[in-house]
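Computed from the coordinates by the stated procedures, all read-outs in this text should not be read as laboratory data. Please read all numbers here as calculations on a predicted model, not as lab measurements. Glycine also receives a Cβ, built like all others from the backbone with ideal geometry; neighbour counts cover every protein chain displayed.
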Amino acid sequence: MNPIQQINRVFLLACAPFLGMLIWLLMINANVHISDLTRPGASSFSLQQETELLNAKLVTANSDAVQTKSIIEKYFELYEKSTAEVSGMLQNAAAGAAKPGIIYDARITAKLGTPMKQASSGNIDLKLFTLNDDNYKGYALKVNLKSDKAIKLVLGKDKMGSSETTLDAASRYGAIAGVNAGGFADDSKGRRFPLDTTVINGKYLNGFFPSNNDTVFIGLNKDRKLIGGKFRSQAELDKLSPLMGSTFVPTLLKNGGKTSIPYQWQSSPARAARTIMANYKNDQLLFIVTDGHDESGNSGATLAELQDKMLQLGVVDAYNLDGGGSTTLIWGGSVINRPSDGKLRPLATHFLFFK
């Protein structure tokens, strides 16, 4: 029972005796014994005396009723005042409880600078920032997921083995923004399949694949919180209640600390267009997308540089999604980054965001 309900109950109990008294007084007013006044043999003196006594009782009853009404009105006035005060206290308490979160969000947002684009709804808050480092250029998409409708992981053309660009997927779904997701593998027929473990709407699309050669699963659980890492069995991953996710390499940050980057990912390529999926301690997401001019490994960002950048931004966990020519950032039907292939690459999976 909340505080306002408790106050309602107290005042109802307090007013009950007064309401009962008022009803009793009204009954007295109506209960005039005519039979006594018309009894045979009654003297005129007795009749006058009875009348005066009755009038006196009526005057007293009326006075008591007025007094009772006044008391009840005062109690109701006090009740309304107390209810308003309690409501105000509850609002102040709620505002106080939210204040630390607001301050934290303001701090992490300030580190990103002024947003170049932003959108907000009952489902999502999105803010897009530019990143200008000495060695690379890129973008940061800060995402606050407010409902299950805010994000989807989708297959290219919604079919295993098919592919499409992130721009086409976002357009087809009516998404406000989109980012490329996990890696892929092509078969001899040119069909493009998601790499290893892929989960959409809580279902494993092609079964579970144990982590191999440093691959990691990257996604969200049913509470819309970032999950990721190496998993040796499906039961191990199931404990985290995965809702969506895909696979790539490697983990970059865990619990606010750097992880070891596999050697081949330090040098092959050293620099590239990158897509990173990360989170803050308040579970908001951060997607970092960097530009790379080609696939030569001489432009873009190193993973070590991005580790430092994310620590500077206050990120807790971070994972590397597919990069190079796959790196894509879409906003409002436009391509924001500079694809290193010179054009958008058709991909097997995409993260889409919805207002």
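Just a few scattered comments:
- Counting every other Cβ atom within 10 Å of each residue's Cβ, TRP331, TRP265 order from fewest to most as TRP265, TRP331.
- Hits among aspartates and glutamates - C-alpha to C-alpha of LYS99 under 20 Å, sequence gap 8 or more where chains match: ASP125, ASP283
- Within the straight-line cut-off of under 28 Å between alpha carbons, the lysines reachable from LYS74 are LYS57, sequence neighbours fewer than 8 places apart in one chain being disregarded.
- Equivalent ellipsoid dimensions for the range 113-353 as semi-axes, Å, which come from the Cα gyration tensor, largest first: 22, 21, 20
- Highest to lowest packing among 51-64, 151-164, scored as the average C-beta count within 10 Å: 151-164, 51-64
- When each of the peptides 184-196, 342-354, 221-233 is scored by the mean number of other C-beta atoms lying within 10 Å of its residues, the order from highest to lowest reads 342-354, 221-233, 184-196.
- 3J(HN,Hα) couplings calculated from phi for the range 338-355 with the Karplus curve 6.51 cos²θ - 1.76 cosθ + 1.60 (θ = phi - 60°) are, in sequence order, 10, x, 6, 7, x, 7, 6, 9, x, 10, 7, 9, 8, 8, 10, 10, 10, 7 Hz; Gly and Pro show x.
- Burial ranking of peptide ranges 205-212, 286-293 (average Cβ count within 10 Å, highest at the top): 286-293, 205-212
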